[in-house]
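Enquirer: Below is a structure I'd like to ask you about.
The values are calculated or read from the model by the stated rules, or taken from the named source; none is laboratory data. In this text, all values refer to a predicted model and were calculated from it rather than measured experimentally. Every residue, glycine among them, receives a Cβ derived from its backbone with ideal geometry; neighbour counts consider all protein chains shown. To get the accessible areas, we keep the full protein, side chains included, count just its heavy atoms, and leave off ligands, DNA and RNA. Shrake-Rupley method; radii C 1.70, N 1.55, O 1.52, S 1.80 Å.
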Amino acid sequence: MNPAISTYLDALRVIAAGTVLFGHALGWRTLPHDAVILFFVLSGYLISYTAAERDLTGSQYAINRIARIATVAVPAIILGILVDIYVRPLWPRGWPDFAPLDQMAKTIAICVTMTSYVWDNSYPCFSNAPYWSLTYEVWYYALFGVVFYPKSRRTKLLAGGIALMLMGPKIAALLPCWLAGVATFHIQRSWRPSRSFGLLLAGTTLAIFLLMQIFPLYEFTALQIVGPLSTATGYPFYSSNAFPLDWMTAGLFAANMLGMIGVLSATSHLPGTSVAKIFAGATFSIYLFSAPLTKLVSALLPAWAYQLPGRHGLPLAISLVVLVLAMALSLITEKQKDGARAFLNWLVSRSRDWLATRQTTAASQRALM
């Protein structure tokens, strides 16, 4: 990948993670949700890139995805449990996004299997609200894998249909956002806009997106469009409750990316590459650790801190502390990725050897009969 384009994509990941982290603290309305949609578009683009350039087999694709997800998701689940146990008693009435601790085993199983939001399920991973989008992405990874790697068209259709059926309407409702990233990758492989047209495309889409923030489009879509659909079908869409608007937003992000790819195609280097790479490498951890860490830091603050004259700036200060803590944790979690990948490769290799031995033994026994 062109180094300048790689830096640009890293910068987008940093912007998205920062928007989620600071957006809630600063009351940026629906921007944190838009940042999740940007993550979906980026994910679709980057997964398509790795499948085309690196993960040349289905098994390697699965190993790399599991290693990438598990090394951050499992610590995030553990952190969520510990924080919930400590923080919950400090708020006698509880918080709306706290999962019942008396169902801990069930909640852990749902979080690990990424089934929190399939069909009628709506189980937050303890108090880690952002975890919902990871469950969506895992299903998109699975759908992509079973459609992209099999050679038989019949297998692609059958496996893809089963994956869609299993994920259910909520997750499928935001699938077009992820596929916008997939489409962007394949479009730019065969056609890239010129520098001037790319600037026009990127600038126009950014202007439209910013203009959209003036109006309560999310609320209108959720209440006036998807709301009646939920009422008629009796099916709540929860985090997907404004999916038509999310499709439009994803389209704008995808077009903006395509425009910037055209602008940067002839550029070999962008300033700030090393800084962008450092922060981009921690975005997954920042995203998944931010909610439980925010609750923990908030709980550790003494009561008088909330009475200070400058208390209105406290949420921003807490978010900065959370950023530092999440990045520190990422130094640990990110280092486990290669080890997890090596272990999974070893496990697959041993399983293949065992199966080959069983088949050889069975053939020998049949020959002796």
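Enquirer: Answer yes or no as to whether Pro315 is within 30 Å of Gly27 (Cα to Cα), assigned to a loop (DSSP other than H, G, I, E, B) and not β-branched (Val, Ile, Thr). Before the answer, list the steps.
Expert: Working: within 30 Å of Gly27 (Cα to Cα): yes; assigned to a loop (DSSP other than H, G, I, E, B): no; not β-branched (Val, Ile, Thr): yes.
Against the criterion (within 30 Å of Gly27 (Cα to Cα), assigned to a loop (DSSP other than H, G, I, E, B) and not β-branched (Val, Ile, Thr)), Pro315 does not qualify.
Enquirer: Could you say which residue among Gly181, Gly168 is of a type outside the set (A, V, I, L, M), touching a Phe, Trp or Tyr at 6+ places or on another chain (Cβ under 7 Å) and within 30 Å of Val322 (Cα to Cα)? So that I can check it myself, show each step before the final result.
Expert: Details: Gly168 fails: within 30 Å of Val322 (Cα to Cα).
That would be Gly181, the only listed residue that is of a type outside the set (A, V, I, L, M), touching a Phe, Trp or Tyr at 6+ places or on another chain (Cβ under 7 Å) and within 30 Å of Val322 (Cα to Cα).
Enquirer: Tell me which residues, restricted to the stretch 48-60, are in contact (Cβ under 8 Å) with a residue 60 or more places away in the chain and either open to solvent by 10 Å² or more (accessible area, probe 1.4 Å) or more than 14 Å from Tyr140 (Cα to Cα) (or both). Before the answer, list the steps.
Expert: Here is the first cut: in the stretch 48-60, the residues in contact (Cβ under 8 Å) with a residue 60 or more places away in the chain are 48-49, 51-52, 57-59.
Selection gives Tyr49, Ala52, Thr57, Gly58, Ser59.
Enquirer: Tell me which of these Pro292 doesn't satisfy, since it passes every other one: (1) within 27 Å of Val74 (Cα to Cα); (2) out of contact with any strand residue (DSSP E or B) (no Cβ under 6 Å at 6 or more places or on another chain).
Expert: Going through the list (1) within 27 Å of Val74 (Cα to Cα); (2) out of contact with any strand residue (DSSP E or B) (no Cβ under 6 Å at 6 or more places or on another chain), Pro292 breaks only (2).
Enquirer: Moving on to the next point. Of all residues in the stretch 63-88 being among the β-branched types (Val, Ile, Thr), surrounded by 17 or more Cβ atoms within 10 Å (Cβ to Cβ) and modelled with pLDDT of 90 or more, which is nearest to Pro124 (Cα to Cα)? Can you show your working first?
Expert: At the first step, the residues of the stretch 63-88 found to be among the β-branched types (Val, Ile, Thr) are 63, 66, 69, 71-72, 74, 77-78, 81, 83, 85, 87.
So of that shortlist, the ones also surrounded by 17 or more Cβ atoms within 10 Å (Cβ to Cβ) come out as 63, 69, 71-72, 77, 81, 83, 87.
Narrowing further to those that are modelled with pLDDT of 90 or more: 63, 69, 71-72, 77.
Numbers: Ile63: 26, Ile69: 18, Thr71: 20, Val72: 17, Ile77: 11 Å.
This residue is Ile77.
Enquirer: Taking the options Ala328, Ala291, Ala299, Ala276, name whichever one is without any contact (Cβ under 8 Å) to a residue 12 or more places away in the chain and assigned to a helix (DSSP H, G or I). First the steps, then the outcome.
Expert: On the way: Ala291 fails: without any contact (Cβ under 8 Å) to a residue 12 or more places away in the chain; Ala299 fails: without any contact (Cβ under 8 Å) to a residue 12 or more places away in the chain; Ala276 fails: without any contact (Cβ under 8 Å) to a residue 12 or more places away in the chain.
On inspection, the qualifying residue turns out to be Ala328.
Enquirer: How about the stretch 130-174: which of its residues are without any contact (Cβ under 8 Å) to a residue 40 or more places away in the chain, more than 19 Å from Ala62 (Cβ to Cβ) and of a type in the set (D, E, K, R)?
Expert: Scanning the stretch 130-174 gives Arg153, Arg154.
Enquirer: Working only within the stretch 102-129, note down all residues that are under 19 Å from Arg65 (Cβ atoms), assigned to a helix (DSSP H, G or I) and either in contact with a strand residue (DSSP E or B) (Cβ under 7 Å, 6 or more places away or on another chain) or modelled with pLDDT under 85 (or both).
Expert: To start, the set of residues in the stretch 102-129 that are under 19 Å from Arg65 (Cβ atoms) comprises 111-118, 125.
Cutting the leftovers down to assigned to a helix (DSSP H, G or I) gives us 111-112.
Within the stretch 102-129, Cys111 is the sole residue that qualifies.
Enquirer: Residues in the stretch 274-289: is at least one of a type in the set (S, T, N, Q) and farther than 30 Å from Gly80 by Cβ? Give the derivation first.
Expert: Restricting attention to the stretch 274-289, the residues satisfying the condition of being of a type in the set (S, T, N, Q) are 274, 283, 285.
Right, trim to farther than 30 Å from Gly80 by Cβ and you get 274.
Yes, the conditions are met somewhere in the stretch 274-289.
Enquirer: Follow-up question, since we're still on this one. For Ala276, indicate whether it is farther than 20 Å from Ile63 by Cα and in contact with a Lys or Arg (Cβ under 7 Å, 6 or more places away or on another chain).
Expert: Values: farther than 20 Å from Ile63 by Cα: yes; in contact with a Lys or Arg (Cβ under 7 Å, 6 or more places away or on another chain): no.
No.
Enquirer: Could you check the stretch 134-170 and list, in sequence order, the residues that are of a type in the set (Ser, Thr, Tyr), more than 18 Å from Arg54 (Cα to Cα) and open to solvent by 10 Å² or more (accessible area, probe 1.4 Å)?
Expert: Ser152, Thr155
Enquirer: Looking at the stretch 346-355, is at least one residue among the acidic types (Asp, Glu) and within 22 Å of Val74 (Cβ to Cβ)? Quick ask: steps written out before the conclusion?
Expert: Taking the stretch 346-355 as the starting set, the residues that turn out to be among the acidic types (Asp, Glu) are 353.
So of that shortlist, the ones also within 22 Å of Val74 (Cβ to Cβ) come out as none.
No: the stretch 346-355 contains no residue that is among the acidic types (Asp, Glu) and within 22 Å of Val74 (Cβ to Cβ).
Enquirer: Which ranges mark the helices (runs of 4 or more DSSP H) fully within the stretch 179-250 that have 1 or more residues being in contact (Cβ under 8 Å) with a residue 24 or more places away in the chain?
Expert: Values: elements: 195-212, 217-220, 227-233.
Where helices (runs of 4 or more DSSP H) fall fully within the stretch 179-250 and carry at least 1 residues being in contact (Cβ under 8 Å) with a residue 24 or more places away in the chain, they are 195-212, 217-220.
Enquirer: Considering only residues that are of a type in the set (Gly, Ala, Ser) and out of contact with any Leu (no Cβ under 9 Å at 6 or more places or on another chain), look in the stretch 305-332 and name the one that is surrounded by the fewest Cβ atoms within 10 Å (Cβ to Cβ). Break it down stepwise before answering.
Expert: Initially, the stretch 305-332 is screened for residues of a type in the set (Gly, Ala, Ser), giving 305, 310, 313, 317, 319, 326, 328, 330.
Subset that is out of contact with any Leu (no Cβ under 9 Å at 6 or more places or on another chain): 310, 313, 317, 328, 330.
Working: Gly310: 8, Gly313: 12, Ala317: 15, Ala328: 12, Ser330: 22.
Ranking the qualifying residues of the stretch 305-332, first place goes to Gly310.
Enquirer: State yes or no: is Ala299 within 23 Å of Leu12 (Cα to Cα), surrounded by 11 or more Cβ atoms within 10 Å (Cβ to Cβ) and within 29 Å of the chain's Cα centre (by Cα)? Can you show your working first?
Expert: Numbers: within 23 Å of Leu12 (Cα to Cα): no; surrounded by 11 or more Cβ atoms within 10 Å (Cβ to Cβ): yes; within 29 Å of the chain's Cα centre (by Cα): yes.
Criteria not met by Ala299.
Enquirer: Still on this model: Got a sec? Which of Ala266, Ala250, Ala232 is among the small types (Gly, Ala, Ser) and crowded, with 20+ Cβ neighbours inside 10 Å? Before the answer, list the steps.
Expert: On the way: Ala266 fails: crowded, with 20+ Cβ neighbours inside 10 Å; Ala232 fails: crowded, with 20+ Cβ neighbours inside 10 Å.
It is Ala250.
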